[in-house]
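Structure, as structure tokens:
The values are calculated or read from the model by the stated rules, or taken from the named source; none is laboratory data. These numbers come from a predicted model, not from an experiment. Note that each Cβ is placed from the backbone with ideal geometry, even for glycine, and that neighbours are counted across all protein chains shown. Just so you know, the surface numbers come from the protein's heavy atoms only, side chains and all, with ligands and any DNA or RNA stripped out. Shrake-Rupley method; radii C 1.70, N 1.55, O 1.52, S 1.80 Å.
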Amino acid sequence: MSVLKRHFDNRNDLIAYVKELAPWAEGDASKILGGQRECKKRLTALDAIKYGKTRNYGNGSVSMLSPYISHGVITLNEVRNHVVKDSNDQKSIETFIRELGWRDFWSRFAENNKCFLWNDVEDYKTGYASDDYQEEVPEDILVGDTGIACIDAFIGDLVNTGYVHNHARMYLASYIVHFRQVKWQAGARWFLSHLLDGDVASNNFSWQWIASTFSNKPYFFNLENVDRYFNGIVDTTPSRNRVLDASYPTLHNRLFPNLELQNG
Amino acid sequence: MANKLLLIHEKALRFGLDLRGKSESFRAIHIWDDEYYRMQKYSLKRLVFIYETLLELPLEIIHGNTLDILMEQNLDHIVIPYSGDEALKNLFSEIEKIKTVHYLSEACFVNLDRTVEFKRFFKYWNQAKKTAFLNNGDRCA
Ligand SMILES: Cc1cc2nc3c(=O)[nH]c(=O)nc-3n(C[C@H](O)[C@H](O)[C@H](O)COP(=O)(O)OP(=O)(O)OC[C@H]3O[C@@H](n4cnc5c(N)ncnc54)[C@H](O)[C@@H]3O)c2cc1C
């Protein structure tokens, strides 16, 4: 037993110290800073009204509070109290408060259904059975070299910073489960090994929501959607994102051929 | 002299922790448990984030195995912020075998019975929204 150091001259010294403590830990440090002060800054900068209008956009006014919430630096209650104290119009902050509710919802469900954290809550609604999906995330995804420019950029965010925008998490999870037919559990494990906000309940049930094992239908997307929300943030040139460049009915028929065909 | 030990784990890295107003004095520690962290497969990104956050808290960071360290402490009562995280819950049960544990619960978000189960978010939200917009969720029942 020894008492560890609490004072460092700079962040690089701290990083080197942690690396020495945990030589097995993979990757490098994120540029996202830990700490109560940093959390406070983000809370002060939060604009819950603007959030409601822009949250789906890559450059939208999202809070980036999740790493702090997941580590209990701040609670959902404190975030909510901060937002409601400045508002006299419930409608304008509803989207933000509802998103906080998603975290509460997943954690409640997990508490009563531990067995579903790593098992399908329901069957896949994709026309495939669980056994039809691969057990491991393929190597090209792990290293961010899928050849699909926007997907590789989102993987870069995950691996380098440990933070990915919610919409990009949805694209990544959908790409892995539906375009590459990988079990959601494999993708969820991979996310947890990188996300700064990694939380088994929020993460795994979100993966199940995308996969359709905890929702009424699979979530999928096309390049037009990525372009609409992430134009100028990631490369959405069709020639560099061919797999995604199709209409919804075409993709639906390609990804879920056992389901009823859709006309487009 | 502190008469209770407050064990701050990586899912409750904050001051306050509802200790205000309590008469006992606490000695706060975080145990940097290599084996535990390795089992969680935490990346260096996450470990640095945790350490950086710990540096702002008034506590000692002790290196070693959680159970061994707690065993060495003279204090019988350990106070732990509760977490629903499975890995932590497993650790809590191990600690309960060697010490008396008192859990601090996190302030709730909405006033809803935790045992009522909602299988779809919209059903949860229909109930939750009644208190979700209130300061302290109407102090949740
Ligand atoms: C595949 C997938 C995996 C995910 N894994 C995690 C995870 O491991 N940990 C995690 O905290 N969130 C996870 N989420 C939910 C969500 O993507 C993140 O909470 C959010 O993107 C964090 O960014 P933010 O703090 O800027 O969020 P904001 O949009 O600003 O939202 C504010 C807060 O509300 C909560 N929140 C918002 N959306 C969700 C949501 N859909 N589900 C649960 N809580 C939400 C978070 O605590 C977040 O910090 C996942 C989503 C998907 C689709």
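Quick notes
- Selection of the stretch B:62-79 for residues being closer than 15 Å to B:Trp32 by Cα and either in a loop (DSSP other than H, G, I, E, B) or within 10 Å of the chain's Cα centre (by Cα) (or both) yields B:Gly64, B:Asn65.
- Residues located in the stretch B:91-141, provided they are among the hydrophobic types (A, V, I, L, M, F, W, C), facing another protein chain (nearest Cβ under 9 Å) and open to solvent by less than 50 Å² (accessible area, probe 1.4 Å): B:Ala107, B:Cys108, B:Phe109, B:Val110, B:Leu112, B:Phe118, B:Phe121, B:Trp125, B:Ala128, B:Ala132, B:Phe133, B:Cys140
- Pairs are defined by a Cβ separation below 6 Å, a sequence spacing of at least 6 or placement on different chains, a first member in the stretch A:196-218 that is among the acidic types (Asp, Glu), and a second member that is open to solvent by 10 Å² or more (accessible area, probe 1.4 Å) and near the ligand (Cβ under 6 Å from one of its atoms); the pairs so defined are A:Asp197/A:Ser66.
- The sole residue among A:Asp28, A:Asp13 that is more than 8 Å from chain B (Cβ to nearest Cβ) and surrounded by fewer than 15 Cβ atoms within 10 Å (Cβ to Cβ) is A:Asp13.
A quick yes/no check of all residues on (1) touching an Asp or Glu at 6+ places or on another chain (Cβ under 7 Å); (2) more than 24 Å from B:Leu112 (Cα to Cα); (3) at pLDDT 95 or above; (4) more than 14 Å from the ligand (Cβ to nearest atom):
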residue: A:Met64; (1), (2), (3), (4): no, yes, yes, no
residue: A:Thr75; (1), (2), (3), (4): yes, no, yes, no
residue: A:Glu135; (1), (2), (3), (4): no, yes, yes, yes
residue: A:Asp140; (1), (2), (3), (4): no, yes, yes, yes
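- Subset of the stretch A:31-45 (residues that are more than 10 Å from chain B (Cβ to nearest Cβ) and either among the acidic types (Asp, Glu) or open to solvent by 30 Å² or more (accessible area, probe 1.4 Å) (or both)): A:Lys40, A:Lys41, A:Arg42, A:Thr44, A:Ala45
- The set of residues from the stretch A:179-200 being more than 6 Å from the ligand (Cβ to nearest atom) and open to solvent by less than 10 Å² (accessible area, probe 1.4 Å) comprises A:Val182, A:Trp184, A:Ala186, A:Gly187, A:Ala188, A:Leu196.
- Entirely in the stretch A:13-123, the helices (runs of 4 or more DSSP H) that have 3 or more residues that are within 23 Å of B:Trp32 (Cβ to Cβ) and within 21 Å of the chain's Cα centre (by Cα): A:66-70
- Residue count for the stretch B:67-90, restricted to those that are within 21 Å of A:Asn204 (Cα to Cα) and either crowded, with 18+ Cβ neighbours inside 10 Å or at the interface with chain A (Cβ under 7 Å from one of its Cβ atoms) (or both): 5
- Counting the residues of the stretch A:237-251 that are open to solvent by 20 Å² or more (accessible area, probe 1.4 Å) and either of a type outside the set (Gly, Ala, Ser) or assigned to a helix (DSSP H, G or I) (or both) gives 10.
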